[in-house]
C-alpha cells in the first residue's frame, strides 16, 4: 500500500550526539514536511520541501537540518540534540495545496 | 481567540455510546482534517473535508462551511477509539502558505 514510512519508530541518543531520522514515501508527493510534537502539544512545523526547494520555519532552531536527496526520501538531522529536543517527530507528505498524509512518527529520547 | 477551537477538550464515554466531537474555526479554509493520535503514537488521517459529509466504518465527519463548523461522530464506540482527535485546518488555496492550523485536540477515553 502507498504510505509514509518513518524509521526508526523509537530512537535513543545521547546529549550532543548527532542523530538522523528518516522518512520515505511511496505516494510520489512533491511536498514533504517535518513536524515536532512535544507532550500534550499540537505538532509544530519545522520545515518543508516543495520538490527540492527547502522552506524553513522562522523559529526552527539551527540545530535542525534537513535533506531531501530524491522525491521519495527526506531526512531530519539534529546536529547536537539537547534534552529539550526529546519529542515525537512526524513526517507528512502532500501534493501541493492538497491533504497531508502523516507517517507514524519517530519518538526521540535524549539521555 | 484561537483560530480553531475543539469541544469538548476531554471526553469520557462508555463503550457503545455515540460520540460527537466538535471543531469550530474563525478563518477561511480550503479544507479541514480530522486526525487521530493514540497515546504516544503517530497520527492517522481519518478524513479531509471541504464540504458535506464523509463516512468510514463507524466514523462520520460533517462540515458546514457557512457556519465554520465540523463534527466528528463515532458510532458504537469502543475502547480502541480512545485517542486524541485533532482537526487541523488547510488554509485557502493560492495563499501564502500551506501550513496547517492546529487546535489543541480532544482527548477521548472510552471505558469498557
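Here, each number is a calculation from the coordinates, and none is a lab measurement. Because the structure is a prediction, the values reported are computed rather than measured. Neighbour counts run over all protein chains shown; Cβ positions are idealised from the backbone, glycine included.
Overview of values
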item: Residues of the stretch B:21-69 that turn out to be free of Cβ contacts under 8 Å to residues at least 40 places away in the same chain, within 9 Å of chain A (Cβ to nearest Cβ) and part of a strand (DSSP E or B), as a count; result: 2
item: Residue in the stretch A:7-22 that is within 14 Å of chain B (Cβ to nearest Cβ), touching a residue at least 12 places away in the same chain (Cβ under 8 Å) and surrounded by 17 or more Cβ atoms within 10 Å (Cβ to Cβ) present; result: yes
